[in-house]
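Here is the structure we will look at, set down as structure tokens.
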Amino acid sequence: MRHGNKNNALGRKKAHRGALLSNLAVSLIEHKRIETTLAKARALRRFVEPIITRSKDDSTTSRRMVFADLQSKEATAQLFRDVAPKVAERPGGYTRIIKLGNRFGDAAEMAMIELVDFNTVYTKEKASADAKKTRRSRRSPAKKADGATEAKPEAGADEAKGE
């Protein structure tokens, strides 16, 4: 029986599972979004959320504790430099899991896990900036093209009349 046992063994021994989750966490921090199986994504969420919470406090102790979990200097530095300032106001829920369907080879349920604040599709600032840029690009070439074609024949006709 598994009374009170909350961890998913993922078909691995403890050391192998720890290494797997550490490597997945490093990939998630570096790439901000990874595709994996749904079970691994759910296990990764439970593993990486406390690490991100710990990175909000930039102290030597918290850096050492995060490095002990990640075992990667580059990922630890990137977590404290890029990720922590963006999630500083968020009280939790730093990751989002999106189901993708089944894998072709073995029909395993696939999912994409991503850092919420780094998604450009759902963030408000990026969406509003894109909307403004698109409106400008749609309207201005039409005005320039119409104005330029009308202005040139008139100017040429005036010059011809003057000669």
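Considering region 1-21, the residues that are charged (D, E, K, R) and in a helix (DSSP H, G or I) include one that is surrounded by the most Cβ atoms within 10 Å (Cβ to Cβ), namely Arg17.
Within region 57-76, the set of residues being within 18 Å of the chain's Cα centre (by Cα) and surrounded by 13 or more Cβ atoms within 10 Å (Cβ to Cβ) comprises Ala75, Thr76. Only one of the listed residues (Glu154, Glu114) is assigned to a strand (DSSP E or B) and either modelled with pLDDT under 55 or of a type in the set (D, E, K, R) (or both). That residue is Glu114. Of all residue pairs spaced 6 or more apart or on separate chains, those with beta-carbon atoms under 7 Å, a first member in region 22-42 that is under 20 Å from Gln78 (Cβ atoms) and a second member that is in a helix (DSSP H, G or I) and charged (D, E, K, R) are Ser22/Asp69; Leu24/Lys40.
Just one of the listed residues (Leu28, Leu24) is within 24 Å of Pro91 (Cβ to Cβ), part of a helix (DSSP H, G or I) and touching a strand residue (DSSP E or B) at 6+ places or on another chain (Cβ under 6 Å), namely Leu28.
On the stretch given as region 46-56, residues that are part of a helix (DSSP H, G or I) and surrounded by fewer than 17 Cβ atoms within 10 Å (Cβ to Cβ) total 4.
So that you can scan it fast, the table gives a plain yes or no per residue for (1) part of a loop (DSSP other than H, G, I, E, B); (2) over 17 Å from Arg45 (Cα atoms); (3) touching a Phe, Trp or Tyr at 6+ places or on another chain (Cβ under 9 Å):
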{"residue": "Thr61", "(1), (2), (3)": "no, yes, no"}
{"residue": "Val66", "(1), (2), (3)": "no, no, yes"}
{"residue": "Glu74", "(1), (2), (3)": "no, yes, no"}
{"residue": "Val83", "(1), (2), (3)": "no, no, yes"}
{"residue": "Gly93", "(1), (2), (3)": "yes, no, no"}
{"residue": "Arg96", "(1), (2), (3)": "no, no, yes"}
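Take the conditions (1) within 26 Å of Thr37 (Cα to Cα); (2) free of Cβ contacts under 8 Å to residues at least 60 places away in the same chain; Asp57 misses just one of them, which is (1).
The values are calculated or read from the model by the stated rules, or taken from the named source; none is laboratory data. Predicted model only: the values in this text are computed from it and were never measured. FYI the Cβ positions are ideal-geometry reconstructions off the backbone, even for glycines, and counts take in every protein chain you see.
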